[in-house]
Amino acid sequence: RKEVEQDPGPFNVPEGATVAFNCTYSNSASQSFFWYRQDCRKEPKLLMSVYSSGNEDGRFTAQLNRASQYISLLIRDSKLSDSATYLCVVNEGVGSARQLTFGSGTQLTVLP
Amino acid sequence: DTGVSQNPRHKITKRGQNVTFRCDPISEHNRLYWYRQTLGQGPEFLTYFQNEAQLEKSRLLSDRFSAERPKGSFSTLEIQRTEQGDSAMYLCASSFQGGSRANEKLFFGSGTQLSVL
């Protein structure tokens with residue numbers, strides 16, 4: 001079982017749609033969580049951190065459920081420019097040899 | 001440009017040759033990471049430095065791979081006797097961390113795309 005699992009997609013949605021991505025992680029000791037965005041042939045860039053209480057940044061909402069070891073990302077009113085791969089990232093904690101562990105990513109295409 | 005810089009952007013080599021990549025992190029960052037990414041996968045951790053000390057290495061890092069960060073600034077990743085399976089994007093990332101690592105955020109370079117023929 002992979003440490004961080006995501007639905008690879010692809011998700012093809014029309015402009016203006018709401019889309020949600022899910023991610024599960026296997027290490028219950030994981031301490032912090034992030035969503036990164038990666039455009040085609042580009043480097044990953046931090047989109048947002050994920051806090052226990054849930055957090056929002058404009059059209060993006062991230063939620064964490066520690067009991068279920070589950071992270072989600074919701075994108076409202078999707079734009080063409082949101083088309084990218086979204087990577088779920090988990091920090092497995094101090095002393096972990098793996099540092100930040102990335103999921104395989106979920107590909108999103110927003111269609112005009 | 002004050003971001004993470006990697007050179008070269010692309011490297012094509014023949015199987016069995018040695019290759020070396022360079023990474024210049026953001027200047028005030030004390031941590032530097034190397035990751036490898038293949039198509040359809042997320043980045044996989046290879047190794048990381050705190051200043052000049054190489055603190056951790058992944059099991060993925062065979063003895064053909066070596067990384068250095070001699071003065072705690074730029075880093076090099078060398079692959080000896082390259083194999084076709086080494087073909088991948090090699091990403092460098094840096095961060096500044098003065099205390100808890102719980103909220104560490106990485107800034108990535110554009111990567112070096114290696115093709116082993």
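Quick look at the values:
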{"read-out": "Length-normalised contact order of chain A in % [C-alpha pairs under 8 Å, at least 6 apart]", "value": "37"}
{"read-out": "Furthest towards positive pole of dipole, B:4, B:20, B:74, structure part region B:1-105, Cβ charges", "value": "B:20"}
{"read-out": "Residue A:77/residue A:41 FRET efficiency (R0 41 Å; Cβ-Cβ; nearest 0.05)", "value": "0.95"}
{"read-out": "Under the Karplus curve 6.51 cos²θ - 1.76 cosθ + 1.60, θ = phi - 60°, whole-Hz ³J(HN,Hα) for region B:10-18, x wherever Gly or Pro sits", "value": "9, 9, 10, 9, 8, 3, x, 7, 9"}
{"read-out": "Residues whose placed amide H lies under 5 Å from that of residue B:115, excluding near-sequence neighbours", "value": "B:11, B:12, B:13"}
{"read-out": "Electrostatic dipole magnitude of the protein assembly as shown [Cβ: Lys, Arg +1; Asp, Glu -1; Cα centre; debye, to 20]", "value": "460"}
{"read-out": "Cα pair distances in the protein assembly as shown, grouped into 10 Å bins until the bin that holds the longest one, percent each", "value": "8, 32, 35, 20, 5, 0"}
{"read-out": "DSSP-loop trypsin sites (Lys or Arg not before Pro) across region A:1-58, with at most 13 other Cβ within 10 angstrom", "value": "A:1, A:2, A:41, A:42"}
{"read-out": "Unit charges on C-beta of K, R, D, E only; dipole of chain A, Debye", "value": "160"}
{"read-out": "Subset of A:45/B:57; A:79/B:57; A:2/A:42; A:79/B:14 violating a 32 Å alpha-carbon distance limit", "value": "A:79/B:57; A:79/B:14"}
{"read-out": "Loop-exposed GluC sites (Glu not before Pro) per DSSP, neighbour cap 16 Cβ within 10 angstrom, longest uninterrupted part of chain A", "value": "A:16-112"}
{"read-out": "Proximal aspartates and glutamates relative to residue B:11, as straight alpha-carbon distance under 16 Å, when same-chain residues fewer than 8 apart are discounted", "value": "B:78, B:83, B:86"}
{"read-out": "Gained length - residue B:7 relative to residue B:74, 0.36 nm times residue gap less alpha-carbon distance", "value": "23.0 nm"}
{"read-out": "At most 15 other Cβ within 10 Å, DSSP loop - GluC sites (Glu not before Pro), region B:9-87", "value": "B:28, B:52, B:83"}
{"read-out": "About the Cα centre, charge dipole magnitude for region B:26-78 (Lys/Arg +1, Asp/Glu -1 at Cβ), debye", "value": "80"}
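No lab work stands behind these numbers, since they all come straight from the coordinates. Everything quoted here is computed from the prediction, not taken from an experiment. Cβ: placed from backbone, ideal geometry, glycine included. Neighbour counts: every protein chain shown.
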